[in-house]
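A short reminder: the numbers here are calculations on the coordinates, not readings from a lab. For clarity, every value in this text was computed on a predicted model and none was experimentally measured. Neighbour counts run over all protein chains shown; Cβ positions are idealised from the backbone, glycine included.
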Amino acid sequence: MNNKITAFFTIGITALFFASCGNKSEIAGKGILFKDVTLIDGNSGTPQEHTDFLVQADTITAIGKNLDTAGLTVINLSGKTIMPALISTHVHVGTLKGTTTIPANYTRDNVIRQLKQYQDYGVLTVVAMGTDRPIIFSGGLRDSSMNGLLPGARLYSAGYGFGVPQGAPPLPMAMDNVYRPANGTQAKAQIDSLALLKPTFVKMWIDDFGGKFKKMNPSIYKSIIAAAHKQNLRVVAHAYYLSDARKLVADGIDVIGHSIRDSVIDDQLIAQMKAKKVAYIPTLSLDEFAYIYARKPEWIDVDFFKKSLEPGVYEMITSAKYQNELKNSPAYAKNAAAFQTALKNLKKLYDAGVFVAMGTDSGAMPLRAQGFSEHLEMELMVQAGLTPLQAIGLATKNGAQLLKTDRKYGTLEKGKIADFIILSDNPLQDIRKTRKIQAVYKAGKEVSKGPLN
């Protein structure tokens with residue numbers, strides 16, 4: 001009898017032991033507490049210093065000082081900074097590979113490779129603006145990526161953009177899949193076809209690329225805007241000239257997808273943009289890339305930049321031949337002046353309260369490095385006169401608002417998805433410190449230690 005009691009007691013203790021281990025395992029899996037961190041939440045308010053940041057599963061569940069650590073995995077981040085992951089609302093993916101931008105580059109593997117590169121740079125949401133191809137829709141790549149089922153940045157898409165027959169955008173830049181309506185009736189039919197793909201935006205090119213190409217007739221882009229709005233789709237315009245911006249705003253454009261670069265924007269247009277809630281994506285880095293390599297910028301030999309380049313691009317842009325051709329180009333002075341105008345327009349629009357979000361046009365050509373461009377863009381926003389905190393807000397919160405995903409993303413608040421970057425330094429002292437990436441977390445899981453690790 002005693003043996004039976006002893007055996008029963010032993011079994012009970014053993015069961016209790018394993019049950020206890022199970023409970024500890026469950027508790028340990030209940031969350032990660034990032035302790036004693038400086039938190040930039042994306043709302044442009046004063047950062048929270050020496051605070052704790054709790055993530056459970058994919059969600060932020062608590063923020064505050066001295067949170068209870070019982071049962072949690074604790075990561076001490078004293079001296080470190082957490083900020084929201086970046087959102088780039090104007091990029092291109094898939095067509096770039098090496099020093100070429102061609103249709104043959106656009107494969108599933110190449111798209112995912114580039115989305116993973118954005119992720120390494122702390123960019124967890126991107127919008128491809130009008131140069132995508134059927135494979136991402138028929139193969140489910142876009143939808144799987146948007147829903148977080150694939151590695152890398154979440155991919156939103158404008159599908160196939162709208163250009164001009166035998167005109168802009170230039171065919172050699174993998175623009176063979178762009179709609180090129182000859183009249184308003186054709187434009188409407190093409191919008192109806194595009195709408196079946198449920199694009200995030202409709203993209204159209206309203207530019208002559210420095211006088212090289214025929215521009216879109218206003219009657220056609222009016223038809224595009226009207227047809228898109230009937231399908232509850234917003235329209236983004238690639239524009240350059242102030243005169244075009246005035247017409248576009250009057251005709252109902254939703255987003256101007258590049259800086260206005262030929263003239264400083266006037267107060268009347270600003271008032272109309274505010275009244276009609278027209279958003280603005282300045283893509284300052286695009287304009288700097290157009291001329292800056294001739295000056296050998298201070299970051300050209302920095303690994304954070306070099307790591308973002310496709311094979312062969314560094315050798316191309318640092319060659320004496322390339323730099324001399326760029327410096328001696330008739331467009332050099334014009335491009336440098338256009339960049340300065342873009343800076344002035346961003347500051348003027350921002351101060352007036354026009355809605356601005358970050359985009360870069362990275363990936364459209366080899367010069368516009370994916371991932372690095374987004375960090376450079378914030379630096380250039382600060383150069384334009386914004387504070388680092390304001391620039392970060394445009395690159396996080398405003399991006400989510402433009403995509404209408406701000407209920408989940410864009411800021412670090414209780415109840416939102418845990419997309420964030422851990423930095424080894426504080427970018428509010430120097431915006432370039434957003435490049436000091438220690439780790440990137442997507443939906444609560446570490447997905448990268450940055451591009452240099």
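Taking the alpha-carbon distance from residue 65 and a cut-off under 17 Å, which aspartates and glutamates remain once sequence neighbours fewer than 8 residues away in the same chain are dropped?
Of all the aspartates and glutamates, those that pass the test against residue 65 - Cα under 17 Å, at least 8 places apart if same chain - are 36, 41, 49, 52, 413.
Please tell me which of these pairs span more than 24 angstrom C-alpha to C-alpha: 203/321; 203/414; 277/344; 247/408; 116/445?
203/321; 203/414; 247/408
Where nothing but the Cβ of Lys and Arg (+1) and of Asp and Glu (-1) is charged, how large is the charge dipole of the chain around its Cα centre, in debye to the nearest 20?
Dipole size: approximately 680 debye.
Straight-line reach from residue 436: which lysines have Cα under 16 Å away, leaving out those fewer than 8 places along the same chain?
Of all the lysines, those that pass the test against residue 436 - Cα under 16 Å, at least 8 places apart if same chain - are 80, 306, 307, 449.
At 0.36 nm per residue, and after removing the present C-alpha to C-alpha distance, how many nm does the segment from residue 61 to residue 229 gain when stretched out fully?
Length gained between residue 61 and residue 229: 56.7 nm.
Give me the distance in nm between label points sitting 7 Å out from Cα along the Cα-to-Cβ direction at residue 303 and residue 241, one decimal.
If labels sit at residue 303 and residue 241, their model points lie 4.8 nm apart.
Let me know the Rg and Dmax you get for the stretch 322-445 when you use only its Cα atoms, in Å.
For the stretch 322-445, the Cα radius of gyration and maximum Cα-Cα distance read 16.5, 54 Å.
Show me the ranking of peptides 142-149, 378-385 by mean Cβ neighbours inside 10 Å, starting with the highest.
378-385, 142-149
Kindly write out, for the stretch 165-171 in residue order, the coupling ³J(HN,Hα) from the Karplus curve 6.51 cos²θ - 1.76 cosθ + 1.60 (θ = phi - 60°), rounded to whole Hz, with x marking Gly and Pro.
x, 6, x, 6, x, x, 4
Suppose a student asked you for the relative contact order of the chain, using Cα pairs under 8 Å spaced at least 6 residues apart; what percent would you report?
19 percent
In whole percent, what relative contact order does the stretch 182-230 give with Cα contacts below 8 Å and a gap of six or more residues?
Relative contact order here is 57 percent.
Among DSSP bridges having both ends in the chain, what percentage is antiparallel? Round to the nearest 5.
Just about 50 percent of them are antiparallel.
Order of 80-91, 422-433 by packing, highest average Cβ count within 10 Å first?
The peptides rank, most packed first, as 80-91, 422-433.
What whole number of Å gives the distance from the Cα centroid of the stretch 153-219 to the Cα centroid of the stretch 345-409?
24 Å
Semi-axes of the equivalent ellipsoid for the stretch 244-392, please: Cα gyration tensor eigenvalues, times 5, square-rooted, ordered largest first, whole Å.
29, 16, 13
List the residues, sorted by chain then number, that are 5 or more residues from residue 86 or on another chain and whose placed amide H is less than 5 Å from its amide H.
123, 124
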